[in-house]
Each structure stands twice: as structure tokens, then as C-alpha cells.
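S.K.: Just passing along the structure, written as C-alpha cells.
The values are calculated or read from the model by the stated rules, or taken from the named source; none is laboratory data. As the structure is a computational prediction, the values presented were derived from the model and not from experiment. Virtual Cβ from ideal backbone geometry, glycine too; neighbours counted across all protein chains shown. Note: areas computed on protein heavy atoms with side chains; ligands, DNA, RNA excluded. Shrake-Rupley method; radii C 1.70, N 1.55, O 1.52, S 1.80 Å.
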Amino acid sequence: MDLGLKDQVALVTAASRGIGAAIAARLADEGATVAVAARAPQAGPGQAAYPVDLSDAAAVDALVPRVVADHGRLDVLVVNTPGPRILPFLDTTAGDYATAYDLLVRPAVQLATAGARVMAERGGGSILFVTSTWVRQPAPGGVLSATMRAAISALSKQMSMELAPHGIRVNQLMPGATGTDRMRAITTAKAAANGTTEDEEVAKVVSAIPLGRWAEPEEIARAAAYLVSPAAAFVTGAAFAVDGGAIRSTL
Ligand code: NAD
């Protein structure tokens with residue numbers, strides 16, 4: 001299936017590893033020119049590297065204008081962020097929320113605003129926020145993720161409504177457990193805390209997933225490529241889970 005992404009210009013953030021890198025690679029494979037932003041990004045085929053620390057507000061403000069100056073336009077924006085700390089609620093401080101806000105919510109708002117303005121001027125585009133299933137189905141230790149992602153979910157829905165008249169679609173992709181460096185770091189930390197092995201911790205994660213395994217980053221990336229592409233021309237305001245069936249709610 002041709003997704004219609006050939007020759008489009010895309011920006012993907014937090015894209016040097018894991019889910020972000022897989023999305024950047026998938027979009028490049030589909031024929032898009034992909035600006036890859038991270039603290040130390042490596043540009044693969046069809047990609048251009050944009051070093052940026054998402055916690056640096058001034059650098060984030062400069063990112064969309066840099067991409068547009070280099071490539072002439074922006075058709076697709078994928079707002080991926082690093083995950084926040086995983087902490088039991090009783091161990092969190094107000095400072096943890098402020099740090100998580102600076103790494104997740106503030107850059108998402110900055111990028112979405114700048115990207116949407118550029119797209120509105122040209123009469124269209126597509127924006128995708130990568131969040132987490134934890135925004136819909138909370139998990140122990142996930143309070144920073146769930147609260148920050150709730151703000152991003154609201155932002156995504158609000159933008160989808162206000163930007164539809166400008167030809168801009170806005171969606172949210174909620175990955176479930178996915179085999180990335182972050183996931184491996186989480187299972188390693190849990191094994192140390194619980195006196196278990198990493199395999200035992202992985203088995204616990206997987207036991208809650210009806211499909212019986214976690215995702216590969218490429219599986220998240222294929223869904224992302226569809227959602228941002230012209231093939232999804234009538235999809236906006238959606239919150240799309242790629243989670244092997246882990247979310248238990250009906251809707
Ligand atoms: P990862 O740790 O493998 O990759 C994180 C990416 O963020 C890397 O490219 C890294 O370079 C970049 N990054 C880190 N700090 C940065 C900074 N200050 N500025 C710019 N870039 C920075 O993570 P992942 O597993 O690919 O997760 C990506 C997102 O998806 C996270 O928000 C995570 O919480 C979410 N998520 C992951 C899973 C999972 O199981 N892996 C599940 C649900 C949601």
C-alpha cells in the first residue's frame with residue numbers, strides 16, 4: 001500500500017533510538033525527507049540530523065524554523081518525547097512533575113504550535129503525538145507519565161478540532177510495552193528492586209498482554225506512518241493504541 005508520503009518533509013523528535021528512531025526510519029523508507037531531532041542524532045538514509053535537547057526551551061523554539069529553512073516546508077510532525085521517571089506516587093515530589101513537564105509537555109506544546117502555524121500557512125499537514133497506553137490505563141509507578149500524557153491527549157484533541165478547517169489532522173498514538181532501551185532499563189531496574197531476574201520481570205510485563213509478547217519498535221512505526229500519511233485522510237482526533245490488546249477497556 002502506497003501511503004502517499006513520498007517527497008513529504010517530516011520532523012520526528014526524540015528520534016535517535018527506540019520508537020522515535022523506528023518512526024524516522026519508516027517515514028524515510030516511505031520516501032519522505034525526515035528531520036531527525038535528538039540530543040545527538042545520527043542521520044540515516046533520507047534523513048537530516050537536528051541536534052536538540054527537548055528540555056532547552058529556546059532550542060525547541062528554533063527547531064521548526066530550522067527545518068523549514070532547510071527543506072522549504074513541513075508536512076508531517078511527530079512529537080515523540082523521552083519517557084518521564086517511573087516512581088511510586090508516594091515517592092514523587094513537585095519537582096518531579098516540573099521536570100517531567102519540561103521534558104514532555106512544554107516541548108510538545110512548543111513544537112505543535114510552531115508546526116501547526118507553518119502547516120496552516122501552507123494549507124495542510126499532519127501532526128502525531130506519541131504518548132503511552134498508561135494515559136488510558138494507569139500502571140503502578142506511572143503517575144508522571146499518566147498526568148503529563150493526559151495534558152498531551154487534551155492538546156491533541158483540542159488541536160484536531162481547531163485545525164481541521166486548516167487541513168491539518170492531529171492524532172495520538174499510544175504504544176504499549178515495546179522492546180526499546182527504555183523498556184530494557186525499566187525491567188533491569190525492577191529486577192534489582194524486586195530481587196528477581198530480568199526474564200522474570202519481562203514475563204510479568206508480557207503476561208498482561210493478550211498477544212503474549214511486547215511490540216518491536218517497527219510495529220509502532222508502521223502505525224505511526226499510516227496515521228500521519230494521506231492514507232489516513234479521514235482520521236483526526238483519534239487516540240490509537242498499538243498494545244497487543246493490553247488496554248482492557250471497551251472504548
Ligand atoms: P528510548 O529511551 O528508547 O528513547 C528515547 C529517545 O529520546 C531517544 O531517541 C533519546 O535520544 C531521546 N531523548 C532522551 N532525552 C532527550 C532530550 N533531553 N532531548 C531530546 N531527545 C532526548 O524510549 P522509547 O522506549 O523509544 O520511548 C519513546 C516514548 O514512548 C517515551 O515517551 C516513552 O515513555 C513512550 N513509551 C514507550 C513504551 C515502551 O515500552 N518502550 C511504552 C509506552 C510509551
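S.K.: In segment 207-240, what residues are in a helix (DSSP H, G or I), closer than 22 Å to LEU251 by Cα and either aromatic (Phe, Trp, Tyr) or out of contact with any helix residue (DSSP H, G or I) (no Cβ under 9 Å at 6 or more places or on another chain) (or both)?
M.R.: If the condition is that a residue be in a helix (DSSP H, G or I), closer than 22 Å to LEU251 by Cα and either aromatic (Phe, Trp, Tyr) or out of contact with any helix residue (DSSP H, G or I) (no Cβ under 9 Å at 6 or more places or on another chain) (or both), then SER207, ALA223, TYR226, LEU227 are the ones that fit.
S.K.: Output the residue which, of all residues in segment 16-39 that are touching a strand residue (DSSP E or B) at 6+ places or on another chain (Cβ under 7 Å) and assigned to a loop (DSSP other than H, G, I, E, B), is farthest from LEU173 (Cα to Cα).
M.R.: Here the residue is ARG39.
S.K.: Here is a further query. Give the residues of segment 136-179 that are within 16 Å of the ligand (Cβ to nearest atom), touching a residue at least 60 places away in the same chain (Cβ under 8 Å) and open to solvent by 50 Å² or more (accessible area, probe 1.4 Å), sorted by residue number.
M.R.: Matches in segment 136-179: ARG136, GLN137.
S.K.: Could you pull out the residue among THR131, THR93 that is in the same structural domain as ARG17 (by the TED database) and out of contact with any helix residue (DSSP H, G or I) (no Cβ under 8 Å at 6 or more places or on another chain)?
M.R.: THR93
S.K.: Restricting to segment 99-135, what's the tally of residues that are within 11 Å of the ligand (Cβ to nearest atom) and open to solvent by 50 Å² or more (accessible area, probe 1.4 Å)?
M.R.: Residues in segment 99-135 being within 11 Å of the ligand (Cβ to nearest atom) and open to solvent by 50 Å² or more (accessible area, probe 1.4 Å): 3 in total.
S.K.: Sticking with this one: Somewhere in segment 40-47, is a residue within 17 Å of the chain's Cα centre (by Cα) and assigned to a strand (DSSP E or B)?
M.R.: The answer is no, given that none of the residues of segment 40-47 is within 17 Å of the chain's Cα centre (by Cα) and assigned to a strand (DSSP E or B).
S.K.: Moving on. Within segment 49-76, can you find the residues that are part of a helix (DSSP H, G or I) and among the aliphatic types (A, V, I, L, M)? Walk me through it before giving the result.
M.R.: So the first thing to find is which residues in segment 49-76 are part of a helix (DSSP H, G or I), and the list is 57-71.
ALA57, ALA58, ALA59, VAL60, ALA62, LEU63, VAL64, VAL67, VAL68, ALA69 - these are the residues of segment 49-76 that are part of a helix (DSSP H, G or I) and among the aliphatic types (A, V, I, L, M).
S.K.: Does ALA10 qualify as being among the small types (Gly, Ala, Ser), within 18 Å of ASP61 (Cα to Cα) and either crowded, with 20+ Cβ neighbours inside 10 Å or in contact (Cβ under 8 Å) with a residue 40 or more places away in the chain (or both)?
M.R.: When the stated conditions are applied, ALA10 passes them.
S.K.: Then there's this: When VAL64 is evaluated against the numbered criteria (1) more than 9 Å from the ligand (Cβ to nearest atom); (2) open to solvent by 10 Å² or more (accessible area, probe 1.4 Å), which criterion, by number, is the only one it fails?
M.R.: (2)
S.K.: Moving on. Against the condition open to solvent by 10 Å² or more (accessible area, probe 1.4 Å), more than 10 Å from the ligand (Cβ to nearest atom) and touching a residue at least 12 places away in the same chain (Cβ under 8 Å), how does LEU87 come out, does it pass?
M.R.: On the way: open to solvent by 10 Å² or more (accessible area, probe 1.4 Å): yes; more than 10 Å from the ligand (Cβ to nearest atom): yes; touching a residue at least 12 places away in the same chain (Cβ under 8 Å): yes.
Yes, satisfied.
S.K.: Among the residues that make up segment 13-25, is at least one of them away from the ligand (no atom under 15 Å from the Cβ) and of a type outside the set (Gly, Ala, Ser)?
M.R.: No, because not a single residue in segment 13-25 is away from the ligand (no atom under 15 Å from the Cβ) and of a type outside the set (Gly, Ala, Ser).
S.K.: Further question: When you look at ILE186, is it within 15 Å of the ligand (Cβ to nearest atom), surrounded by fewer than 19 Cβ atoms within 10 Å (Cβ to Cβ), outside the structural domain of PRO230 (by the TED database) and not in a helix (DSSP H, G or I), yes or no?
M.R.: So ILE186 does not fit the description; no.
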